[in-house]
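The values are calculated or read from the model by the stated rules, or taken from the named source; none is laboratory data. In this text, all values refer to a predicted model and were calculated from it rather than measured experimentally. Here the Cβ is made from the backbone with ideal geometry for all residues, glycine too, and neighbour counts use every protein chain on show. We work out accessible area using only protein heavy atoms, side chains counted, and drop any ligands, DNA or RNA first. Shrake-Rupley method; radii C 1.70, N 1.55, O 1.52, S 1.80 Å.
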Amino acid sequence: MSEQHNTQAAAEQTEQLDENQIMAYRREKLTAIRAKGMAFPNDFKRDAFASDLHQQFEQFDKDALAEKAIPVKVAGRIMLKRHMGKASFATIQDMTGRIQLYINNQGVGEALHDEFKHWDLGDIVGAEGELMKTNHGELTVRVSALRLLTKSLRPLPDKFHGLADQEQKYRQRYVDLITNDHSRKTFIQRSQIIQAIRNVMVDERYLEVETPMMHPIPGGATAKPFVTHHNSLDMDLYLRVAPELYLKRLVVGGLERVFEINRNFRNEGMSTRHNPEFTMMEFYEAYGNYQRMMDMTEKVIRAAALAATGSTVVMYNGKEVDLSKPFARMTIVEAIRHFNPHYTEEQLADKDWLHAEIKKMGGSLPMAKELGSLQLALFEECTESQLWQPTFIIDYPVEVSPLARASDTKPGLTERFELFVVGRELANGYSELNDPEDQAARFKAQVAQLDAGDDEAMHYDADYIRAMEYGLPPTGGCGIGMDRLVMLLTDAQTIRDVILFPQMRLE
């Protein structure tokens, strides 16, 4: 082992030893607290949050605040504390922010003040008192009653550095949220984004629904599923790769506008953009088509941006993304030629040339060697990453769009789009295929690919065909990746930064 590794190992051992000593000392304190009575009380009633108090009373000066004599009850975790003879200050943190406490013998009595001096950073307290301002103008609670509500046994990481190891942040998200303002803000924004989207959908008369997470047949997307087993039914089930086929069953049933925001599971690789479980919103609208779905997608994303950032122009990785303008709409070939003008239309219509060009770039050749599939493969190699501003790529080939409606005017193509922003796919939608015989034929084609070794191809879903035979109205549908949308709007570089508990290897 190198000298550097020896030093690092020794430092980690010392740090662990120190933490164990601290925890042993804190357990002794807890034992003493238990001996006096209730160690973890649950009867403190908070009536104010830190950020609300700052918002309402920050503008008052010291004298005006003293005159008002505003009583408050606050609670939170001790993040800072300092003692100055007969007075102490502490900063507590609740879900909205931080506020300072002022504790002295006159307010809480000498005995409780002395007890407080032995409380630790990380302890959770409840405090009652009046609002005041210090000589430095900081809004503070002059404490008249103070209680230890939860004894923290494990020390918080260094206040200046928090969790230094990125993997630790994902494994111990609870500590990351306590010590990292940026992480806390990201997940507050995530909640605001999803709420704003719900509001748009409800305003558009969509009904929020929940469909099964365990499917007897994987479907709704070309993806490799997770398999589980139901003991009582003695049957294998698949964690859903998409809710699409169930949502369209509901449209058949007369719920003409439905949406679902929930988890999907795909047994595939992990990357900065992929997690085995991820959140999608899928929505379906009877008598809508892919043009309407693109309009809805723009509307939803703008509302999310406003809710999270207050603007429809956001910064990502140091570059501006303008969500305020109508999103560009281009076919696969138009996009390739726009960003790669050296390619000719003749070349992009030549299967042999496309095959050779994709191989030259080191790209993956599609299983179906049709013209549209080859154009898409080239697009993924040379164009997708250049789509920084929001762009709908439209009219995908039939062989890669088994659930989309075929174009009436463009043979071999479907009425399908994918939305790309900052070089990443963010949404996928189409005019739904509602011809049951065409759908059955496409399922059979997918099964042939499955038999040929494509473990992401779809299975044949006989019940879905039966539902379609009752009559699926002309319908538009779309799926938007919530995690990738949150990444965009919070300037996160990896999907793990926007998922509270990302999938990790065992420690």
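Quick look at the numbers
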read-out: Peptide ranges 83-90, 102-109, 390-397, 72-79 listed from the most packed, as the mean C-beta count within 10 angstrom indicates; value: 390-397, 72-79, 102-109, 83-90
read-out: Solvent-accessible heavy-atom area per residue, rounded to whole Å², over region 359-507 at 1.4 Å; value: 42 Å²
read-out: Per residue accessible area of region 40-89, 1.4 Å probe, in Å²; value: 64 Å²
read-out: Links that overshoot a 30 Å alpha carbon limit, given the list 299/369; 224/359; 185/299; 62/169; 86/169; value: 299/369; 62/169; 86/169
read-out: Low-density loop cleavage sites - trypsin sites (Lys or Arg not before Pro) in region 299-400, where at most 16 other Cβ are within 10 Å (DSSP); value: 369
read-out: Region 244-339: equivalent-ellipsoid semi-axes (sqrt of 5 x gyration tensor eigenvalues, Cα, Å); value: 26, 20, 17
read-out: Accessible carbon and sulfur surface of region 390-506 relative to its total accessible area, %, 1.4 Å; value: 51 percent
read-out: Gain upon complete extension [residue 115, residue 210; 0.36 nm per residue less C-alpha separation]; value: 29.1 nm
read-out: Accessible area expressed per residue, region 198-238, with surrounding protein chains retained (probe 1.4 Å, Å²); value: 63 Å²
read-out: Label-zone membership for region 188-228, site residue 263, 7 angstrom Cα→C-beta point, backbone N under 12 Å; value: 213-214
read-out: Pair residue 325, residue 80: separation of 7 Å Cα→Cβ label points (nm); value: 4.5 nm
read-out: Rounded if a/c under 1.5, otherwise prolate or oblate - region 296-414, Cα gyration tensor axes; value: prolate
read-out: Share of carbon and sulfur in the accessible heavy-atom surface of region 260-338 [1.4 Å probe, %]; value: 49 percent
read-out: For region 427-507, convex hull of alpha carbons as volume per residue, Å³; value: 165 Å³
read-out: Computed helical MRE - 222 nm, the chain, DSSP H runs ≥ 4 contributing -39500 (n - 2.57), nearest 500; value: -12000 deg cm²/dmol
read-out: Carbon and sulfur %, accessible surface of region 59-118 computed with the full protein complex present, 1.4 Å; value: 52 percent
read-out: Matching label, volume of the Cα convex hull per residue in Å³ computed from the structure shown, candidates (1) 188; (2) 198; (3) 233; value: (3)
read-out: Cβ-placed point charges (K, R +1; D, E -1), dipole of region 291-404 about Cα centre in debye, nearest 20; value: 400 debye
read-out: In region 229-288, chymotrypsin sites (Phe, Trp or Tyr not before Pro) in a DSSP loop with at most 12 other beta-carbon atoms within 10 Å; value: 287
